[in-house]
1. Would you confirm whether any residue within the stretch 6-16 is on the phi > 0 side of the Ramachandran plot and out of contact with any strand residue (DSSP E or B) (no Cβ under 6 Å at 6 or more places or on another chain)?
2. Can you pull out the residues in the stretch 31-44 that are at pLDDT 80 or above and either closer than 17 Å to residue 99 by Cβ or over 11 Å from the mean Cα position of the chain (by Cα) (or both)?
3. Would you point out the residue of the stretch 19-30, among those that are over 11 Å from the mean Cα position of the chain (by Cα) and touching a residue at least 24 places away in the same chain (Cβ under 8 Å), that is surrounded by the fewest Cβ atoms within 10 Å (Cβ to Cβ)?
4. Tell me which of these residue 39 doesn't satisfy, since it passes every other one: (1) in contact with a strand residue (DSSP E or B) (Cβ under 7 Å, 6 or more places away or on another chain); (2) closer than 19 Å to residue 81 by Cβ.
5. Could you pull out the residue among 82, 100 that is in contact (Cβ under 8 Å) with a residue 60 or more places away in the chain and touching a helix residue (DSSP H, G or I) at 6+ places or on another chain (Cβ under 9 Å)?
């Protein structure tokens, strides 16, 4: 069985993530995770509209989604809703963003283990 994450949809779910979710900050990236036991993992990527041109915003979203899809096994025992918010000053290339998100995923996993 392939565990393929799916996109997060619905205003109620977004509000719940912001209100009840675990929040981790890094360099101009904020990670929100709400350990609601939905199957499979649901995710969303948000980039500020004042970030730059649409080409840059879409490229960051596409790269972040690829990272989430390839590393969704970090969340294997935990399912829920994941939201990644890129703020205006973000200027990392793909490999730096990849390493930063992996570190944050591991940190989030430690937080979830402590909650149990």
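The values are calculated or read from the model by the stated rules, or taken from the named source; none is laboratory data. Every value quoted in this text rests on a predicted model; they were computed, and no experiment measured them. Here the Cβ positions follow ideal geometry from the backbone for every residue, glycine too, while neighbour counts run over all protein chains shown.
1. To start, the set of residues in the stretch 6-16 that are on the phi > 0 side of the Ramachandran plot comprises 10.
Narrowing further to those that are out of contact with any strand residue (DSSP E or B) (no Cβ under 6 Å at 6 or more places or on another chain): 10.
Within the stretch 6-16 (the criterion being on the phi > 0 side of the Ramachandran plot and out of contact with any strand residue (DSSP E or B) (no Cβ under 6 Å at 6 or more places or on another chain)), the answer is yes, since at least one residue qualifies.
2. From the stretch 31-44, those at pLDDT 80 or above are 31-35, 41-44; that's our starting set.
Selection gives 31, 35.
3. Looking only at the stretch 19-30, we keep the residues that are over 11 Å from the mean Cα position of the chain (by Cα), and these are 19-22, 25-28.
Next, from what is left, pick out any that are touching a residue at least 24 places away in the same chain (Cβ under 8 Å): 21-22, 26-28.
Numbers: 21: 19, 22: 16, 26: 15, 27: 12, 28: 16.
Taking the candidates together, the pick is 27.
4. Unmet for residue 39, out of (1) in contact with a strand residue (DSSP E or B) (Cβ under 7 Å, 6 or more places away or on another chain); (2) closer than 19 Å to residue 81 by Cβ: (1).
5. 82
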